[in-house]
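A short worksheet on the structure shown next.
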């Protein structure tokens with residue numbers, strides 16, 4: 001991870017990158033995941049298991065795909081992102097707020113749930129993010145956080161390394177921004193091992209946090225209940 005940007009430099013570069021790729025972000029997502037990202041978002045929303053009309057904060061909402069799924073499932077959604085480019089390219093009907101997800105403009109225990117789609121590795125401080133999520137989610141509320149991952153099975157892991165490390169940058173370069181889609185695979189290096197992530201969530205206030213593997217572990221869904 002030493003060659004990846006840290007701190008404020010990371011935040012600056014991530015914001016600039018997402019501003020650049022916003023216009024074709026959804027297209028590249030569909031192509032590089034073969035459309036599987038749509039189902040993964042729906043699974044995340046199902047795992048919330050909240051009553052209809054519950055208020056859910058979508059963190060690093062991007063163009064609003066998860067917000068749209070939340071609304072389709074009967075939830076009230078509000079999205080937060082610090083990339084003006086992504087917010088400007090959003091198509092969701094949910095309200096969106098320009099904000100750093102490490103400092104959410106929300107009162108304590110003011111939302112029923114929180115989601116995040118493939119952005120955990122892009123925050124400056126993952127542990128601080130979980131603490132902030134725990135602050136704004138009410139006791140009994142739920143979280144569903146989607147993120148990329150590496151399969152544990154050696155054969156799947158090798159295939160994933162080739163596809164995510166070599167093919168995805170080619171797809172991103174052809175359809176959008178080559179530099180950005182070189183960064184995205186390497187950014188997996190920011191993620192701690194799964195047990196460490198679950199420990200962070202438990203310490204933050206989600207003691208029942210668990211990890212669901214998707215597509216053999218190519219993606220992961222972190223779910224939990226606020227104590």
Legend entry - Any helices (runs of 4 or more DSSP H) falling wholly within the stretch 133-227 and containing at least 1 residues that are at pLDDT 95 or above: 194-204
Inset, instruction - All but one of (1) exposed (fewer than 15 other Cβ atoms within 10 Å of the Cβ); (2) more than 17 Å from residue 148 (Cα to Cα) hold for residue 63, so report the exception by its number. - result: (1)
Inset, instruction - Output yes when any residue across the stretch 154-175 is surrounded by fewer than 19 Cβ atoms within 10 Å (Cβ to Cβ), over 24 Å from residue 15 (Cα atoms) and in contact with a helix residue (DSSP H, G or I) (Cβ under 6 Å, 6 or more places away or on another chain), and no when none is. - result: yes
Legend entry - Residue in the stretch 85-107 that is touching a residue at least 40 places away in the same chain (Cβ under 8 Å), over 20 Å from residue 121 (Cα atoms), touching a helix residue (DSSP H, G or I) at 6+ places or on another chain (Cβ under 6 Å) and part of a loop (DSSP other than H, G, I, E, B) present: yes
Legend entry - Contacts under 6 angstrom Cβ, first residue in the stretch 193-220 being on the phi > 0 side of the Ramachandran plot, partner in a helix (DSSP H, G or I), 6 or more apart: 205/134; 216/156
Legend entry - Sole residue being farther than 21 Å from residue 135 by Cα and either at pLDDT 95 or above or within 15 Å of the chain's Cα centre (by Cα) (or both), chosen from 109, 77, 98, 94: 94
Inset, instruction - Just give me the residues in the stretch 23-35 being over 15 Å from the mean Cα position of the chain (by Cα) and in contact (Cβ under 8 Å) with a residue 40 or more places away in the chain, in sequence order. - result: 23, 24, 27, 28, 31, 32
Legend entry - the stretch 28-47: number of residues that are out of contact with any helix residue (DSSP H, G or I) (no Cβ under 9 Å at 6 or more places or on another chain) and part of a helix (DSSP H, G or I): 4
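The values are calculated or read from the model by the stated rules, or taken from the named source; none is laboratory data. Everything numeric in this text was worked out from a predicted model, so none of it was measured. Backbone-built Cβ (ideal geometry, glycine too); neighbour counts: all protein chains shown.
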